[in-house]
Each structure stands twice: as structure tokens, then as C-alpha cells.
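The block underneath contains the structure these notes are about, expressed in C-alpha cells.
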Amino acid sequence: MDRIIEVLKDRIGEERLNHTLSVVEEALSLAKRHKAPEDKVKIAALLHDFAKNLTLEESLRLAKEYGLKLDDVTITSTELIHGPLGARMVKEYFNIGDQEILNAITYHTTGRENMTTVEKIVFLADFIEPGREFEGIQIIRAKALEDLDEAIFMALDSTISYLLKKKSIIHVNTVHARNFLLGKRLGENINEKA
Ligand SMILES: [Fe+2]
Ligand SMILES: [Fe+2]
């Protein structure tokens, strides 16, 4: 843990380290609340932004070096690359082989359909850590305590609205994540009626 923090301080700098530590704290509290494996959540949260402080050029060069296959949308921004690239880098740096941890890092920005509880918690903790401030965050924070899926659904809506407003590209995984949760919700309602 100390070694990881030392490496992180060098790599991502003081400010992002503070954000990271807030994400760890938030993620651990969600893990306790939702009975998720705290060890996995902690490592994934600690390392989720490992590749965040790189330029687009550096990110693309490293992705190529690692032989990482990235889709045409992901390669357009560091915001999208840093998840998959970070997962690949921490696998190398810290010899992390646990696929669930690596997936939690890979998909922490976009989300994806059918996320595990560890993935959901890292995604949400990054979204609602105490340093974040945006309209509607209090409702998502409150929802995260009782229902991870509903909280993620709200977070995805918020992200998609924000990206639409900025006229930014939206990664298909974000849309898939939202549709999946919507389908789950409708399916449950249908089951209740049956
Ligand atoms: Fe991130
Ligand atoms: Fe983050």
C-alpha cells in the first residue's frame, strides 16, 4: 500500500493523489455498505487514475507499446484512454492479475453493461467522492447508499447529458451500461407483474 502511494505520488501528482484517496475512502464505505470485497475495491480505487496524467500523444504511444487494442472512439481522448491504459500499466507495474480489479479500472469512466459490484463501486466512488461538485450529486450520493444500479443509472444520465451539452463524443459502453440497467429495471417490473 505504501509502495503504491509512493509510485502514485510520482506518477499522478499531489492533486490527483488527493482525489484518488477520496475515491478510495468513498469506495471502501460503499464496499462495506454493499458487502463487496474491500481488498479488491481498495486496490482498484487506488489505481483507477494511474494513466490519467499523460498527454494524448504519450497515451497513444504507450498503448501501442503494450499492444493494447483500442477502439476508434477511445483513442480520441485521454479521458477515455486512461481507463484501459491504466489497467494495462498497473498489471505490469504491480503484477496485478485479478481481472475484476483490472476491469474496474478499465471501465471506471465509461461504465459497461453487466458490471460486477466491485466495478460498480469504483465507477460510483469516482463520480461522487467528496471533492466532486455538480448539480444533482447529493441525490446520487444518497441513492448510492441504498441501490448501486439506480445510482449508476443516474450517474450515466448525468454524464450523457453533460456530454450532449458539450457536443462531445459518447462512448458506446456508456450507452450500453445505461440500456442494460434500464432492461434490468423493466425486466424486474415485468417479473413482478407476472
Ligand atoms: Fe479517471
Ligand atoms: Fe478519478
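Name the residue farthest towards the positive end of the dipole of segment 2-193 from the options Leu28, Leu70, Gln99, assuming +1 on Cβ of Lys and Arg, -1 on Cβ of Asp and Glu, about the Cα centre.
Leu70
Consider just the alpha-carbon atoms of the chain and return their Rg together with their Dmax, both in angstrom.
Using the Cα atoms of the chain, the pair Rg, Dmax is 16.4, 57 Å.
Which whole-Hz couplings ³J(HN,Hα) result when phi for each residue of segment 41-56 is put into the Karplus expression 6.51 cos²θ - 1.76 cosθ + 1.60, θ = phi - 60°, listed in order with x for Gly and Pro?
4, 5, 5, 4, 5, 4, 9, 4, 9, 3, 9, 6, 8, 9, 6, 4
Taking loop as defined by DSSP and a crowding limit of 12 other beta carbons within 10 Å, which GluC sites (Glu not before Pro) in segment 135-183 fit?
Hits after loop and neighbour filter: Glu135.
Determine the dipole magnitude for the chain: charges of +1 sit on the beta-carbon of Lys and Arg, -1 on that of Asp and Glu, nothing else is charged, the reference point is the Cα centre, and the result goes in debye to the nearest 20.
Working: 27 positive and 32 negative charges, 70 e Å.
The dipole magnitude comes to about 340 debye.
In what sequence, highest mean first, do 116-127, 38-49 appear when ranked by Cβ atoms within 10 angstrom?
So the peptides 116-127, 38-49, ranked by packing, come out 116-127, 38-49.
For the chain, what is the relative contact order in percent, using Cα pairs closer than 8 Å and at least 6 residues apart in sequence?
Working: 228 pairs, mean separation 40.0, N = 194.
It rounds to 21 percent for the chain.
Step through the table entries Lys64/Lys166; Lys32/Lys69; Lys143/Lys184; Lys9/Lys35; Lys69/Lys143, compare each Cα-Cα distance with 27 Å, and write down the pairs that go over it.
Lys64/Lys166; Lys32/Lys69; Lys9/Lys35; Lys69/Lys143
Here, each number is a calculation from the coordinates, and none is a lab measurement. Predicted, not measured: the structure shown is a model, and the values here were computed from it. Virtual Cβ from ideal backbone geometry, glycine too; neighbours counted across all protein chains shown.
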